[in-house]
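Okay, so here's the structure we're looking at.
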Amino acid sequence: MQRTLRNLAVALVAGTFAVAAGAQDKAEKAAPKKAAASPSSAKASGKVVVNGVTIPQSRIDAMNKELTAQGQPDNAERQQAIREELVNREVLAQAAQKRGLDKNPDVAAQMDMARQAVLVRALFESEIKANPITDAELTKQYEQFKTSMGTNEYKVRHILVDKEDDAKQIIADLNKGGDFAKLAKEKSKDPGSKENGGDLDWGPSARYVKPFADAVTSQPKGQISAAPVKTDFGYHIIRVDDVRPLKVPEFNEIKEQFRQRAQQQQVQKMVMDLRQRAKVEGVQ
């Protein structure tokens, strides 16, 4: 929900650029020249006031922060568009309150949930800022990742079936000269690879569950499984088509991905800790 609201805000502001520019051009053409020399007190002070209600600077700052995070350049046009958008929102919000919509239980619940979402995001950001992930921690994770990936990657095909007897029959058919790709299309229950003749493309053994990975790393290139390989998914007939050295991306190439993952784990741990200490009733 928070992402949708944020995207909507960005879209509204982007759309307001054109509206604001057009409105400004019309106003400059229609307004007497004398009026341009006599700005209102609100304009002179830099404040934006709608029906007597001053739009706080904090709203302008918050929208500027969101747009900067989206990569939009900060310039006079953006500032004008932000003010136009906040005026639109204030006008609409005032109209909604006059109709009593803020007293509607459904609307009140949505407003409360939006408030909670903002607080939750602020808490996450505060936790990450208070406990930054160091490069030393990321380097340690990267080295563990490199070790787990192994030294080679494999181009693998497989056929997956439910029953061991069916797998044994397929192995027998292959040993008699059966076409692996054809049998995969006919027999395999893996929707992600069967139409490609069972091809799983290149990848390290760490990609697969342990029994499958063990078979891949121990099996000679070009040969099929001597016996079906059982996993939680069923029974596999495996053929390793090729092997090559694995090139792991350099640390700096994927450091930020490790940082994001570490931050997610950090936040998840905080949530679990808070939940364990909380007194919760009425939930099974």
(message) Would you confirm, using the coordinates I've provided, whether residue 116 is among the polar types (S, T, N, Q), closer than 30 Å to residue 269 by Cα and either in contact with a Leu (Cβ under 9 Å, 6 or more places away or on another chain) or part of a helix (DSSP H, G or I) (or both)?
(response) yes
(message) Only one of 271, 267 is open to solvent by less than 50 Å² (accessible area, probe 1.4 Å), at pLDDT 95 or above and over 30 Å from residue 172 (Cβ atoms). Can you tell me which?
(response) 267
(message) Under 6 Å between Cβ atoms, which residue pairs at least 6 apart in sequence (or on different chains) link something in the range 69-93 that is farther than 24 Å from residue 103 by Cβ and assigned to a loop (DSSP other than H, G, I, E, B) with a partner that is modelled with pLDDT under 95 and not basic (Lys, Arg)?
(response) 70/10
(message) Suppose we filter the range 150-183 for residues that are without any contact (Cβ under 8 Å) to a residue 60 or more places away in the chain, out of contact with any strand residue (DSSP E or B) (no Cβ under 8 Å at 6 or more places or on another chain) and surrounded by 13 or more Cβ atoms within 10 Å (Cβ to Cβ); how many remain?
(response) 3
(request) Considering each residue of the range 48-88, count those that are within 21 Å of residue 122 (Cβ to Cβ) and among the charged types (D, E, K, R), and give that number. (result) 4
(request) Examine the range 11-24 for a residue that is modelled with pLDDT of 70 or more and either open to solvent by 50 Å² or more (accessible area, probe 1.4 Å) or not in a helix (DSSP H, G or I) (or both), and state whether such a residue exists. (result) no
(message) For the structure I just gave you, tell me whether residue 145 is over 18 Å from residue 215 (Cα atoms), part of a helix (DSSP H, G or I), open to solvent by 40 Å² or more (accessible area, probe 1.4 Å) and at pLDDT 95 or above.
(response) no
(message) Need the failing condition index for residue 169 against (1) closer than 30 Å to residue 266 by Cβ; (2) in a helix (DSSP H, G or I), just the number.
(response) (1)
(request) From (1) open to solvent by 40 Å² or more (accessible area, probe 1.4 Å); (2) farther than 18 Å from residue 226 by Cα; (3) of a type outside the set (A, V, I, L, M, F, W, C); (4) in a loop (DSSP other than H, G, I, E, B), pick out the condition that doesn't hold for residue 186. (result) (4)
(request) Can you give me the number of residues within the range 69-86 that are closer than 18 Å to residue 118 by Cβ and among the polar types (S, T, N, Q)? (result) 1
(message) Which residue is farthest from residue 221 (Cα to Cα), if the candidates are limited to the range 150-166 and must be of a type in the set (Val, Ile, Thr) and in a strand (DSSP E or B)?
(response) 161
(request) Scan the range 201-217 and give yes if some residue there is surrounded by 14 or more Cβ atoms within 10 Å (Cβ to Cβ), of a type in the set (Val, Ile, Thr) and under 24 Å from residue 166 (Cβ atoms), otherwise no. (result) yes
(message) Restricting to the range 247-258, give me the number of residues that are open to solvent by 50 Å² or more (accessible area, probe 1.4 Å) and assigned to a helix (DSSP H, G or I).
(response) 4
(message) Give all pairs with beta carbons closer than 7 Å in which a residue from the range 231-256 that is at negative phi meets a residue that is surrounded by fewer than 16 Cβ atoms within 10 Å (Cβ to Cβ) and in a strand (DSSP E or B); count only pairs at least 6 apart in sequence or on separate chains.
(response) 243/152; 244/152; 245/152; 246/152
(message) Tell me whether the range 102-113 contains one or more residues that are in contact (Cβ under 8 Å) with a residue 40 or more places away in the chain and either surrounded by 11 or more Cβ atoms within 10 Å (Cβ to Cβ) or not acidic (Asp, Glu) (or both).
(response) yes
(message) Which pairs turn up if I take residues in the range 197-226 that are basic (Lys, Arg) and look for partners that are open to solvent by less than 70 Å² (accessible area, probe 1.4 Å) with beta carbon separation below 8 Å, at least 6 apart in sequence or on another chain?
(response) 207/213; 221/240; 221/241; 221/242; 221/243
(request) Tell me which of these residue 241 doesn't satisfy, since it passes every other one: (1) in a helix (DSSP H, G or I); (2) surrounded by 10 or more Cβ atoms within 10 Å (Cβ to Cβ). (result) (1)
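The values are calculated or read from the model by the stated rules, or taken from the named source; none is laboratory data. Since the model is a prediction, treat every value here as computed from it, not as a measurement. Methodologically, a virtual Cβ is constructed for each residue, glycine included, from the backbone with ideal geometry; neighbour enumeration extends over all protein chains shown. Calculation scope for accessible area: heavy atoms of the full protein, side chains included, ligands and nucleic acids excluded. Shrake-Rupley method; radii C 1.70, N 1.55, O 1.52, S 1.80 Å.
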